[in-house]
Amino acid sequence: ETGVTQTPRHLVMGMTNKKSLKCEQHLGHNAMYWYKQSAKKPLELMFVYSLEERVENNSVPSRFSPECPNSSHLFLHLHTLQPEDSALYLCASSQGLTGTQYFGPGTRLLVL
Amino acid sequence: LAKTTQPISMDSYEGQEVNITCSHNNIATNDYITWYQQFPSQGPRFIIQGYKTKVTNEVASLFIPADRKSSTLSLPRVSLSDTAVYYCLVGVPYSTLTFGKGTMLLVSP
């Protein structure tokens, strides 16, 4: 599915590294989301952007920093992560905040 | 928030019909019921959404009784590729799209 793309698909980083995850949606949506899915845990909503404005931050540590430069792109900047931050990071988009969310394939992150 | 309860796992065989029931006793008037499918290491994929009675698409059917306190996702004639986790979600605003643990469906030959 090419509606929502995420890069990279896999990422290994040390605790002192700085990296960024990228999400791009080709669906003409105006809302975008970041989720975290740890092993054997439900998806956790991290950030929500609507019309390029952040509308929710679910008590996420400051080592995760989102950026939404336009309605088609969403970034998650990572710095000084911890091993417990290793997870599948999923991006989604929707038309309006009540629209059906379409997910990207995710980025599998491993923090060493 | 309307909390959902669904079986942790289900087993089936190829060619059978599978029905996964979700309980949502506290569903609100404006809430919709949405089902997602997720394969390992992939993002969830929207399957079907409904408000009441029955909804059918090319993939599944969704049955919702009049009281809307439960819903049943029906997958006709499953195949091995339908092995996945199925999530039932209730709500409208994004903040109520809380994914629970879902139902792990295992389809065997």
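How much area per residue is accessible in chain A when the probe is 1.4 Å and only protein heavy atoms are counted (Å²)?
Details: 5290 Å² over 112 residues.
Roughly 47 Å² per residue, with all protein chains present.
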Pop the C-beta distance of B:Asn30 and A:Leu51 into the FRET formula with R0 = 25 Å and round what comes out to the nearest 0.05. 0.65
Can you work out ³J(HN,Hα) from phi for every residue in segment B:28-42, in order, using Karplus 6.51 cos²θ - 1.76 cosθ + 1.60 and θ = phi - 60°, giving whole Hz and x for Gly and Pro? 8, 4, 8, 6, 9, 10, 10, 10, 10, 10, 9, 8, x, 6, 10
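Would you mind telling me the antiparallel percentage of the DSSP bridges in the protein assembly as shown, rounded to 5?
Rounded to the nearest five, the antiparallel share is 90 percent.
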Through the Karplus equation 6.51 cos²θ - 1.76 cosθ + 1.60, θ set to phi - 60°, convert the phi angles of segment B:74-89 into ³J(HN,Hα) values in whole Hz; use x for Gly and Pro. 10, 10, x, 6, 5, 10, 4, 6, 8, 5, 5, 9, 10, 10, 9, 10
With a point put 7 Å past each Cα toward its Cβ, work out how far B:Asn57 is from A:Asn58 in nm, to one decimal. 2.2 nm
How many nm separate the modelled label positions at B:Asp67 and A:Ser20, each set 7 Å beyond the Cα in the direction of the Cβ? 5.3 nm
When Cβ neighbours within 10 Å are restricted to other protein chains, what is their mean count per residue of peptide B:42-49? 5
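Ignore the peptide's own chain and count Cβ atoms of other chains within 10 Å of each Cβ in A:100-106; give me the average, rounded.
Across the residues of A:100-106, the mean count of other-chain Cβ atoms within 10 Å is 5.
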Cys in chain A lacking any partner Cβ under 4.7 Å -> A:Cys68
In order over segment A:89-101: 3J(HN,Hα) from phi, Karplus 6.51/-1.76/1.60, θ = phi - 60°, whole Hz, x for each Gly or Pro, gives 9, 10, 10, 9, 9, 8, 8, x, 6, 9, x, 4, 8
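Within the protein assembly as shown, what whole-number % of the accessible surface is contributed by carbon and sulfur, with the 1.4 Å probe and all protein chains included in the calculation?
Details: 5600 of 10900 Å².
Summing carbon and sulfur atoms, their accessible area is 51 percent of the total for the protein assembly as shown.
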How about A:Lys18: which lysines have a C-alpha closer than 21 Å to its C-alpha, ignoring those fewer than 8 places off in the same chain? A:Lys36
I want the local charge near B:Val78. Using Cβ-Cβ distances under 13 Å, sum +1 for each Lys or Arg and -1 for each Asp or Glu among the other residues. -3
Residues listed by number, segment A:72-88, amide nitrogen under 20 Å from A:Leu112 label point at 7 Å toward C-beta: A:78-88
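The values are calculated or read from the model by the stated rules, or taken from the named source; none is laboratory data. What you see is a predicted model; the values in this text were computed from it and never measured. Here the Cβ is made from the backbone with ideal geometry for all residues, glycine too, and neighbour counts use every protein chain on show. Note: areas computed on protein heavy atoms with side chains; ligands, DNA, RNA excluded. Shrake-Rupley method; radii C 1.70, N 1.55, O 1.52, S 1.80 Å.
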